[in-house]
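What follows is a short report on a single structure.
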Amino acid sequence: MGNKEIVVSGIRPTGNLHLGNYFGAIKNFVKMQETSQCYFFIADYHSLTTHPTPGDLQKNVKQVLIEYLAAGLDPEKATLYLQSDLPETAELYLFLNMNAYLGELERVTTFKEKARKQPNNVNAGLLTYPTLMAADIIIHKAAKVPVGKDQEQNLEMTRTYARRFNNMYSKDYFPIPNAYNFGEQLVKIPGLDGSGKMGKSEGEGNAIFLNDDPKTLRKKVMRAVTDSGPTENNQKKPEAIQNLFTLMKVVSKQDIISQFDDMYNDCTIRYGDLKKQLAEDMVIFTEPFREKISELSANEDYIKKVMNQGAEKARESAQKTINEVREIIGFRKYH
Ligand code: TRP
């Protein structure tokens, strides 16, 4: 700990992890936990904007935690916690909201998108999503926030709110955090439906989940979109075919990939064989995840322990900040 760089990122408790999540983000989280002081939390306060039932909420939070642990997040290296176990975040959110303005919040793209998607539920939590996100980040005085491109505007808001607080009260109290988007290390994983990236909202069968059983997985891969095959030697691969090769690149051995590449180039390739190979390599690749997920799912006590331990570690840093902030603002310190 000590003077390591502080990293914070939030994870939405929605659905299961797929290969796109794994190669796009989690693998890098797993790397970062080795060198930085990482706080990774499950954003369950945020998820209330869509009004989940208590049962669904609990189930999703637990499943997401289990899958992140199975994917390699280590509670001994990173601080893994549930956002709702840190009421200090909610308190800081309240303070930040006093200096957040309707006009700027209404202009946020993710707000506009969500307002369009759920026109009958444009609640204040949705509007103030960026102030809660800012609180998540600055409660630990983060320097770096690994997020996808779609979150960069929200992160710009965090920087604004941190600066605003500093200007109003105490020049350099909050460090101004930077978005971090992995640059070169970011592997974009395509889906199985012929175009675009892997995602769970792209329809059934587009994404391979870490938790897919081999039968489901094989079925999805065998149904992947292809075409009628190359007609000329060394022809450029159309997107759907290139996608299958890109997927192979992350799960198959290089000599196997070269073999299929050669067969594509001399027009002897059979897509059925390519898919069979890809499916088998995916089954092998996902096997340890599946095993870990089922092992963790059966170990209620361990999951509870991880949650408790994470909450305790996160609170240490959050309480220090909230006490200082209260004093800066003019309130009594708690301790
Ligand atoms: N908004 C992020 C997303 O939709 C999740 C999130 C919430 C987050 N709070 C955060 C990410 C703080 C980074 C830091 O994916």
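Counting Lys and Arg as +1 and Asp and Glu as -1, what is the net charge of the other residues whose Cβ lies under 15 Å from the Cβ of Lys171? Taking every Cβ under 15 Å from that of Lys171, the sum is +1.
Here the contact order of the range 204-294, divided by its residue count and restricted to Cα pairs under 8 Å and six or more residues apart, works out to 44 percent. Along the axis of the charge dipole computed for the range 204-294 (Cβ charges of +1 for Lys and Arg, -1 for Asp and Glu, origin at the Cα centre), the listed residues Ala224, Ala207, Asn243 are led at the positive end by Ala207. You can think of it this way: the chain between Lys31 and Glu295 has 92.7 nm of extra reach, that is 0.36 nm per residue less the Cα-Cα gap.
Peptide packing: for 124-137, 188-201, 297-310, the average count of neighbouring Cβ atoms within 10 Å per residue gives the ranking 124-137, 188-201, 297-310, highest mean first. Working from Cα pairs under 8 Å separated by at least six residues, relative contact order for the chain is 22 percent. Each other residue within a Cβ distance under 12 Å of Met198 adds +1 if Lys or Arg and -1 if Asp or Glu, for a net charge of +2.
Bridges between two residues of the chain, per DSSP, are antiparallel at a rate of about 10%.
A P(r) calculated from all alpha carbon pairs of the chain, with 10 Å bins opening at zero, reads 5, 23, 29, 23, 13, 6, 1, 0 percent. Element breakdown for the chain at a 1.4 angstrom probe: carbon and sulfur atoms account for 50% of the accessible area. For Asp213, neighbours were defined as the other residues whose beta-carbon sits under 13 Å from its Cβ, and their charges (Lys and Arg +1, Asp and Glu -1) total +2. Ranking Arg116, Arg218 by solvent-accessible area of protein heavy atoms (1.4 Å probe, all protein chains present), from largest to smallest, gives Arg116, Arg218. When each of the peptides 67-77, 96-106 is scored by the mean number of other C-beta atoms lying within 10 Å of its residues, the order from highest to lowest reads 67-77, 96-106. About its Cα centre, the chain has a charge dipole of approximately 640 debye under the convention of +1 per Lys or Arg Cβ and -1 per Asp or Glu Cβ, with nothing else charged. Rounded to the nearest 0.05, the FRET efficiency derived from the C-beta distance between Asn120 and Ala90 at R0 = 25 Å is 0.50. Spin-label pair Glu324-Asp266: with each label point 7 Å from Cα along the Cα-Cβ axis, the two points sit 6.7 nm from one another. In the context of the full set of protein chains, residues of the chain present 51 Å² of accessible surface per residue (probe radius 1.4 Å, heavy atoms only).
Hydrodynamic radius of the range 204-294 by the Kirkwood approach over all distinct alpha-carbon pairs: 13.7 Å. Extension gain, Thr53-Thr246: 0.36 nm per intervening residue step, less the Cα-Cα distance, totals 65.6 nm.
Counting only heavy atoms of the protein chains and using a 1.4 Å probe, Cys267 has close to 40 Å² of accessible surface. Over the range 77-176, what is the mean sequence separation of C-alpha contacts under 8 Å (at least six apart), divided by residue count, expressed as relative contact order in percent? Result for the range 77-176 is 29 percent.
The values are calculated or read from the model by the stated rules, or taken from the named source; none is laboratory data. Since this is a predicted model, take the numbers as computed values, not measurements. Glycine also receives a Cβ, built like all others from the backbone with ideal geometry; neighbour counts cover every protein chain displayed. Note: accessible area is taken over every heavy atom of the protein model, side chains too, but ligands, DNA and RNA are not part of it. Shrake-Rupley method; radii C 1.70, N 1.55, O 1.52, S 1.80 Å.
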